[in-house]
Every structure is written in C-alpha cells, then in structure tokens.
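This report refers to the structure that appears directly beneath it.
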Amino acid sequence: MAASDRTVLQFSSSSSSSTSLSARVHPLVVFNICDCYVRRPDQAERVIGTLLGSVLPDGTVDIRNSYAVPHNESVDQVALDIEYHHNMLISHQKVNPKEVIVGWYSTGLGVTGGSALIHEFYSREVPNPIHLTVDTGFTNGEGTIKAYVSNNLSLGDRQIAAQFQEIPLDLRMVEAERVGFDTLKSTNVDKIPSDLEGMEMSMQHLLDLIDDMYRYVDDVVEGRVAPDNKIGRYISDAVGSLPKLPPDAFDKLINDSLQDHLLLLYLSSITRTQLSLAEKLNTAAQIL
C-alpha cells in the first residue's frame, strides 16, 4: 500500500499544551463535593458539578469553589439541568466575579462512559476544561482525587473519540485543613448523622475518655503504672473546671438546654416550610 493511501490517527493540537497543564485544588472544594455526595438523591449513583476558579499566570488551574448540578444519567445519555447550572454560575459570580468556570467534577473512581458527553458540554463553556474525580466510595481504602484533561483523537478532519489524560494535581492546605482532610479520606460515611446522633456519638466518646482516665488513676494507685505529674495536672485541671452542682440541678440544666435545642430545630423546620410554600405560591402567581 502506498504511503499516501495510509490512514493517520492523530491528536488535536491541544494535546501538546495539556501535557504541561497542572491543577491546584483547595480543600473547600473537596469537602463540598463529599457533602453533596452524602446529600444526593437515593436513586443517584454519583454526583457531578461545576468547578470554579481561575488560571494563574504560570498556567496552573486554581480550583477554589464548586457547586453540584442536578442530572439524570443512563447507559447512553446524560441529561444536565443547564438552566440550574447557569443560575448558580450567575449567583456565584455576583459574590466573586473573578471566579469563572474551569471544569467539572464527578464522584467515583476514574473516568466513566458518560464522562465524555459531560466533558463535551463543559468544553463549550470553557476551553480545555479540567475533569476532577473524587472516589467517595473508598475503592482503594481511601478517597482518591485525580484531575484529567481531554484530548481529541481525529481521523483526518473528523473527530472520532476523546482520550482523558491525567495531569498533576496539587492539594494546597494549611495544617488544620490537612488534619481534617486526612480524617475525611480515611473514613467512609454512608450518611450525615443528625444533631441528636452527633450528640450521642460525642457523649459516648466523652464517656470512653472518662473510663480511660479512671483506669489510669486506678493503675497509678495500685502501683501498676508509674505516675506522670503532667498527666496528673491535666486531670486536676479538668476535674477543677467542673461546676459544683447537685446531680438534680445538673440534670435539669442539661434537659433545659436539650429542650431549647429541639425548639430551635422545630422553629427552623417551620421557617423552611413557610419559605417553600411562599416560593410555590409566588411561582403559581407568576404563571397565572
């Protein structure tokens, strides 16, 4: 076969620039994605959304914010709520006009079949968008975070496929954020606990710590453990900070505080319901 008759597959010109592209993501984005995944509808297998940020002078894509976009996904098609996406973008840019669309995210490990369709939509929103994936299923034992760009594979003048190429990703965070992120990526949570469940977990943890303190004091008294003056001062300070109240008065104080907390939850629920009804009535009035 002659050389002129051969069919040549080639990548688009953007592939050369994407090899040197890198991204930097702030911890707020990761926490926001995980929160949206926990609050997702029951029938949704993953969450997708828009990434906001800017491009730094050195070419690094700085991802600083995000928001989820409702979608319906099947085997061969993906339906995005484009109107919601644009309304959220307008709302975010009213607060911070410097933040623009830099890509999109999805939960799950790596790229899936529908990712090319979603990436094509965001390619019309911004040139060469970033695709960020967050493994909220802890497939490898932790939450893996990766960033990709797409390169078009062409046959002559016709585009036939898209290839996702991983790019360097930098997680920039201070020490306090690093502690929270390390805890998050090593902990698999099916749902967010309610306020009462969170209080119960906190009280159980407190009781476990008190039991550990009791065991330590008993071991020191019995001579099984050498005393530590530093630990003894900590225990003394903790015991001295407790209010000197009769048990009945202490129980009443806790119950009153709990009732106030439940009353606030009830009032906030009523307010939420009233706002929802007012919004529906306003929408119906505009239609009529």
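Available extension along the chain between residue 281 and residue 171 is 35.1 nm, counting 0.36 nm per residue and deducting the alpha carbon span. Working ranking of peptides 87-99, 55-67 by packing, defined as the average number of other Cβ atoms within 10 Å per residue, highest first, is 55-67, 87-99. The fraction of accessible area contributed by carbon and sulfur in region 193-242 is 60 percent, rounded to a whole number (1.4 Å probe; ligands and nucleic acids excluded). Remark: accessible surface ordering of 117, 52 (largest first) is 117, 52, probe radius 1.4 Å.
Within a straight-line Cα-Cα reach of under 18 Å, residue 98 can be paired with the following aspartates and glutamates, leaving aside sequence neighbours fewer than 8 residues apart in one chain: 58, 62, 125.
When +1 charges are put on Lys and Arg Cβ atoms and -1 charges on Asp and Glu Cβ atoms, the dipole computed for region 22-171 relative to its Cα centre reaches about 260 debye. Sorted from greatest to least, the principal axis extents spanned by the alpha carbons of region 193-242 come out as 43, 22, 13 Å. The residues of region 193-242 expose, per residue, 85 Å² of accessible area to a 1.4 Å probe. Amide H contacts of residue 103: 51, 130, each under 5 Å away and 5 or more positions distant or on a separate chain (H built 1.01 Å from N in the peptide plane; Pro and chain starts excluded). Of the residues 213, 173, 199, ranked by 1.4 Å probe accessible area with the largest first, the sequence reads 199, 213, 173.
The values are calculated or read from the model by the stated rules, or taken from the named source; none is laboratory data. Worth saying up front: this structure is predicted, and the values here are computed from it rather than measured. As a convention, Cβ positions derive from the backbone with ideal geometry for all residues, glycine included, and neighbour counts pool all protein chains shown. Side chains included, ligands, DNA and RNA excluded: accessible areas come from the protein's heavy atoms. Shrake-Rupley method; radii C 1.70, N 1.55, O 1.52, S 1.80 Å.
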